[in-house]
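**Student:** One structure follows; several queries about it will come next.
The values are calculated or read from the model by the stated rules, or taken from the named source; none is laboratory data. Just so we're clear, the structure is a prediction, and the values are computed from it rather than from any experiment. Here Cβ is always computed from backbone atoms with ideal geometry, including for glycine, and neighbour counts include all displayed protein chains. Only protein heavy atoms, including side chains, enter the accessible area calculation; ligands, DNA and RNA are left aside. Shrake-Rupley method; radii C 1.70, N 1.55, O 1.52, S 1.80 Å.
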Amino acid sequence: MHYVKTTNYDKFKCIADKCPETCCAGWQIVIDDESLKKYANMRGPFSGRLLNEVNFSEGCFKQYGKRCAMLNDDNLCDLITECGEDALCYTCAMYPRHVEEYEGVREYSLSLSCPEAARLILENKEKLEFIEWDDDEEDDFEDFDYLIYTKLEDARDVIYKIIQDRSLSFYRKADILMAFGLKLQEKIDNDEIFDMDDVIDEFAGDVTTLPGDDLWKKNEHITLLNKLEVLYGDWQGYIGKAYEMNEEPVLTEEEEIQAEQLLMFFFYVYFCGAVYDDMIKSKVLMSVMSVYWIFKIDRAMEKPDIIKTAYLYAREVEHSDLNLDDLEDMLKDL
Ligand code: SF4
């Protein structure tokens, strides 16, 4: 097995009661089968609470007012306090660590929806790097298209190079990435998989003179977010204000680097997922627009704070599988 992780991955440490949010509210926490069995058979004083607060038929913790039933008034987890960290289910033990799975490959990252992870991602001034290693583990995914996967990996390496070229502005990078994504999509749609190499070679060279594509930039696109399930009360108000501003945020030098880190985050986590659905265009649009929208929404905030806006956005849009799938479907038709 080949493993990849971002260099910030091991720097994460939960800030617990100092966290401005909690990871135990706003979304349903799915419990893996092994933990469900463990909770059902647990003995001791906490067992009754678990039997009451776990929804065994749906495989998740019950919620009260969108808060996990295990979360106490101090925003601490009673399951950890009473039974220790080993009692956590896979979702809780992992969060905010995230893994993307491909045949023979695991890619680890931190989730932008966690405020502390968002801080690590956005405060990094250096170009993001990756740590890679291998072991003897093997797996076999049914119907995994290894050929397309290798093309996507090659394309993503070129994408990283474009994103981390600090002589280019965010807007220019976004236009180039869009043009690149549309050309790759055309090759996939026409079943010209080997010709993807020509497109990759074209964008691996000097991109400064290549024509871009600004399909991602239209102001009204941000209203697509209103069609998604809202997880936090104020969210649609922020989108409305960002839409009304109807102007492009001008990015400072520091914000250009933050935009670079966000682009790296989205492309690293999502781009190669096109191996499962062939939706390169949607993944490029989602990645580029997400960064653009985060800056637009931040400008519309009473007190702009890009780290906060980024984790709020991630909680609303990117961390919800349902919302992410709906958004990608809508983007496919733009
Ligand atoms: S959101 Fe992140 S920092 Fe906050 S409690 Fe959860 S893991 Fe810790």
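**Student:** Once you measure Cβ to Cβ distances between cysteines in the chain, which Cys have no partner under 4.7 Å?
**Tutor:** When partners are defined as cysteine Cβ atoms under 4.7 Å apart, the chain leaves CYS14, CYS19, CYS23, CYS60, CYS77, CYS83, CYS89, CYS92, CYS114, CYS272 without one.
**Student:** Follow-up. Can you give the FRET efficiency for GLU85 and MET301, using 1/(1 + (r/R0)^6), R0 = 35 Å, r = Cβ-Cβ distance, to the nearest 0.05?
**Tutor:** Values: r = 35 Å, r/R0 = 1.00.
About 0.50, to the nearest 0.05.
**Student:** Using the heavy atoms of the protein chains and a 1.4 angstrom probe, tell me the accessible area per residue for region 24-94 in square angstrom.
**Tutor:** Working: 4190 Å² over 71 residues.
Per residue, region 24-94 has 59 Å² of solvent-accessible surface.
**Student:** Run the paramagnetic zone check for PHE12: 7 angstrom along Cα to Cβ, then residues of region 122-142 with backbone nitrogen under 14 Å.
**Tutor:** Hits in region 122-142 for PHE12 at 14 Å: 122.
**Student:** Please go through the residue pairs LYS151/LYS187; LYS187/LYS332; LYS125/LYS217; LYS161/LYS217; LYS283/LYS332; LYS217/LYS296 and name each one whose alpha carbons sit more than 20 Å apart in this structure.
**Tutor:** From the list (LYS151/LYS187; LYS187/LYS332; LYS125/LYS217; LYS161/LYS217; LYS283/LYS332; LYS217/LYS296), the Cα-Cα distance tops 20 Å for LYS125/LYS217; LYS161/LYS217.
**Student:** Take every Cα pair under 8 Å in the chain that's 6+ residues apart, average their separations, divide by the length, and report that relative contact order as a whole percent.
**Tutor:** Values: 405 pairs, mean separation 68.5, N = 334.
Dividing the mean separation by the residue count of the chain yields 21 percent.
**Student:** Follow-up question, since we're still on this one. Out of every Cα pair in region 14-108, what percent are spaced more than 21 Å from each other? Write out the running numbers ahead of the final one.
**Tutor:** Working: 1484 of 4465 pairs.
Here the long-distance tail beyond 21 Å is 33 percent of all Cα pairs in region 14-108.
**Student:** Hey, if you put +1 on the Cβ of every Lys and Arg and -1 on every Asp and Glu Cβ in the chain, which of GLN236, MET330, PHE265 ends up farthest toward the positive end of that dipole?
**Tutor:** Of GLN236, MET330, PHE265, it is GLN236.
**Student:** To continue, here is another question. If every alpha-carbon in region 63-172 counts as one equal scatterer, what log10 I(q)/I(0) does Debye give at q = 0.14, 0.19 1/Å?
**Tutor:** -0.90, -1.17
**Student:** Next up: With a point put 7 Å past each Cα toward its Cβ, work out how far VAL105 is from VAL250 in nm, to one decimal.
**Tutor:** Distance between label points: 4.0 nm.
**Student:** Still on this model: Please check: in the Gaussian network model of the chain (C-alpha springs, under 10 Å), which one of MET178, MET264, MET42 has the largest mean-square fluctuation.
**Tutor:** Comparing MET178, MET264, MET42 in a Gaussian network model of the chain, the most mobile one is MET42.
**Student:** As I understand it, the value is the acute angle between the Cα axis of helix 170-189 and the longest principal axis of the Cα atoms of the chain; what does it come to in degrees, rounded to 10?
**Tutor:** The angle comes out at about 90 degrees.
**Student:** With each label point set 7 Å from Cα along the Cα-Cβ vector, what nm distance links ASP325 and GLU229?
**Tutor:** The answer from the label model is 1.0 nm.
**Student:** What residues have an amide H closer than 5 Å to that of PHE61, excluding those fewer than 5 places away on the same chain, when H is modeled at 1.01 Å from N in the peptide plane?
**Tutor:** Residues meeting the criterion, in which the H sits 1.01 Å from N, are ILE29, ILE31, ASN55.
**Student:** Write out the trypsin sites (Lys or Arg not before Pro) in region 123-202 meeting two conditions: DSSP loop, and at most 12 other Cβ atoms within 10 Å of their Cβ.
**Tutor:** Working: sites: LYS125, LYS127, LYS151, ARG156, LYS161, ARG166, ARG172, LYS173, LYS183, LYS187; in loops: LYS125, LYS127, ARG166.
Within region 123-202, the qualifying trypsin sites (Lys or Arg not before Pro) (loop, at most 12 other Cβ atoms within 10 Å) are LYS125, ARG166.
**Student:** Which value, in Å³ per residue, describes the convex hull spanned by the Cα atoms of the chain? Intermediate values should be presented prior to the final figure.
**Tutor:** Details: hull volume 51.1 nm³, N = 334.
Normalising the Cα hull of the chain by residue number yields 153 Å³.
**Student:** Need the full-extension length gain, PHE194 to TYR276, defined as separation in residues times 0.36 nm minus the C-alpha distance. One decimal, nm. The partial results should precede the final answer.
**Tutor:** Values: separation 82, 0.36 × 82 = 29.52 nm, distance 1.78 nm.
The span from PHE194 to TYR276 would gain 27.7 nm if fully extended.
**Student:** Can you put LYS308, LYS11, LYS18 in order of accessible area, largest first, using a 1.4 Å probe? Walk me through the numbers before you get to the answer.
**Tutor:** Details: LYS308 90, LYS11 135, LYS18 155 Å².
Sorted descending by solvent-accessible area, the residues read LYS18, LYS11, LYS308.
**Student:** Shifting gears a bit: So how far apart, in nm, are the two label points at PHE141 and ASP33 if each is 7 Å from Cα heading toward Cβ?
**Tutor:** The two pseudo-label positions are separated by 2.0 nm.
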